[in-house]
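The values are calculated or read from the model by the stated rules, or taken from the named source; none is laboratory data. Model, not experiment: these values are computed from the prediction. Positions of Cβ are generated from backbone atoms using ideal geometry, with glycine treated the same way; all protein chains shown enter the neighbour counts. SASA here: full protein model, heavy atoms, side chains in, ligands and nucleic acids out. Shrake-Rupley method; radii C 1.70, N 1.55, O 1.52, S 1.80 Å.
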Amino acid sequence: MKITKDNINGEEINLELDKLERGAENLIREYERTNKKLNSSIIKRDLKKLNENIKLVNKKKQGLIEYFNWFLKYYSKNPRPRTHKAYKKGTLRTIRNSKEKLEQFQNQYGYLEFESVTLDFHKNLLNFLNKQKLSDNYKGTIIKNLKTVMNDAYERDYHNNLDFKKSGFIKPKSEAYNIYLNQKDINKITALDLKEIIDNPKEYYPKGVSIATLDLLNRIRDFFLIGCHTGLRIQDILSLTSKNIEIVKSQKKTFKIISLIPEKVDKPVEIPIKKQLEVILNKYNGYFPRKVSDVKINKYIKIICKAAELTEIDSHKKIPRYQLISSHTARRSFCTNAYKEGMHVLDIMSISGHSSPEVFLNYIKATPRDRLNQIKSHPFFQ
């Protein structure tokens, strides 16, 4: 039976199988020519000799980067053994970025084999990444993806190296600092007359950033506000179309919702369309704004927030707050504001897709006083 092209080095395997088949046919002809008396032991012995120089791919020495390439291609279409699902585009992009960093390391330190991945390798890799001034979390993601690929190769019998499973093969991690916007901040962004930016570009634009049109600024602000009112990731927001807007009838009431399957959650999510969001959609005849790249959103939302006077100095980073705002700030703001308004954690998580209340509460950076306020507002304590 031929090996499919999905298998790493499938063509090479099939070539070796062809050699085995031709060798077996030659043996048969040799037996017929000599009228050799045969038994199972003789046939097994001859086949063993034929196969002794053939190494199937799962016993073959395989380069790490080559396996990374196969891994990306294969699991973009085929389900992972643990999750029974193929990787989504966002995850594949992250793994591909990790592979590219390892390729850079390979160019400097030499060819990487599975046996190369030792504790010394781990130390040298982190030193290499430190010189690039990458964040701990970025370095941790590279190590995590490396361990995932190494484990996949191990389970397929490509190597027996288990150094990557040792306790010293750690994934760097640090507590990321992020801000959120309260409702007052969001109202400032909503009420901002964007012509202020158009009329005074020198006051708001940093060097090197091209001047945006009023239409572009409007759409960027609206996509950001959609995030503030839905809690969706920017990739999911930019994928929304009119097909995602549905009308629901419940208890003799009719209301609109956004219905979708987010990229990272992979299960249906339904979000009621609040009044502030409906105002935005009505600007576009009930639909969503024309698409803008997430790169432009991250670049220009800072300018918009500066014009909205979110300019106070952040006590932790010691820079103006608007400089810390990105498209993801909208999602964090939704989750944090919903929590502080008393929405049940599990209800927020049904939208945000967080895996546990502990992960969610860390995500919104809920303080002990926030938790106390939630408990105090519960009817049990009234």
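In loop segments of segment 173-278 as defined by DSSP, the chymotrypsin sites (Phe, Trp or Tyr not before Pro) with at most 16 further C-beta atoms inside 10 Å of their C-beta are Tyr177. The string of couplings for segment 164-178 from the Karplus curve (6.51, -1.76, 1.60, θ = phi - 60°) is 5, 8, 5, 4, x, 8, 7, 9, x, 7, 9, 6, 6, 9, 9 Hz, one whole number per residue in order, with x for Gly and Pro.
For trypsin sites (Lys or Arg not before Pro), the sites in segment 202-268 that DSSP calls loop and that have at most 15 other Cβ atoms within 10 Å are Lys207, Lys252, Lys264. Computed on the chain, with alpha-carbon pairs under 8 angstrom and 6+ residues apart, the relative contact order is 13 percent.
Dipole orientation for the chain: of the candidates Ser174, Ile375, Tyr74, Ile375 has the Cα lying most toward the positive pole (charges on Cβ; Lys, Arg +1; Asp, Glu -1).
Residue order by solvent-accessible surface for Lys37, Lys165, Lys48, Lys139 is Lys37, Lys48, Lys165, Lys139, largest first, with ligands and nucleic acids left out and a 1.4 Å probe. Taking a ≥ b ≥ c as the square roots of the eigenvalues of the alpha carbon gyration tensor, segment 244-325 is prolate, as a/c is not under 1.5 and a/b beats b/c.
Take the alpha-carbon centre of segment 124-167, take the same for segment 281-337, and report the distance between them in whole Å. Segment 124-167 and segment 281-337 have Cα centres separated by 34 Å.
By a 1.4 Å probe calculation restricted to protein chains, Tyr322 has an accessible surface near 40 Å², given to the nearest 10.
Accessible surface of Tyr87, taken over heavy atoms with a 1.4 Å probe and every protein chain present, rounds to 50 Å². Computed from the alpha carbon atoms alone, the convex hull of the chain holds 249 Å³ per residue.
Please give the solvent-accessible surface of Asp199 in Å², to the nearest 10, using a probe radius of 1.4 Å with every protein chain present. Counting only protein heavy atoms, Asp199 exposes about 110 Å² to solvent.
Among the GluC sites (Glu not before Pro) found in segment 297-382, those both in a DSSP coil and sparsely packed, with 16 or fewer other Cβ atoms within 10 Å of their Cβ, are Glu309, Glu312, Glu341. About the centre of its Cα atoms, the chain shows a dipole size close to 280 debye [charges on the beta carbon of Lys, Arg (+1) and Asp, Glu (-1) only; nearest 20 debye].
The candidates His328, His229, His354, His84, arranged from most to least accessible area with a 1.4 Å probe in the full protein assembly, appear as His84, His328, His354, His229.
Taking a ≥ b ≥ c as the square roots of the eigenvalues of the Cα gyration tensor, an a/c ratio of 1.5 or more together with a/b no larger than b/c marks segment 280-382 as oblate. Note on surface exposure: Ile28, Ile258 rank Ile28, Ile258 by accessible area, highest first, 1.4 Å probe. Kindly identify segment 131-266 as rounded, prolate or oblate by the Cα gyration tensor criterion: order the square roots of the eigenvalues as a ≥ b ≥ c, call it rounded if a/c is under 1.5, otherwise compare a/b with b/c, prolate if a/b is larger, else oblate. It comes out oblate by the Cα gyration axes.
For segment 259-382, averaging the sequence separation of C-alpha pairs within contact (under 8 Å, six or more residues apart) and dividing by the residue count gives a relative contact order of 17 percent.
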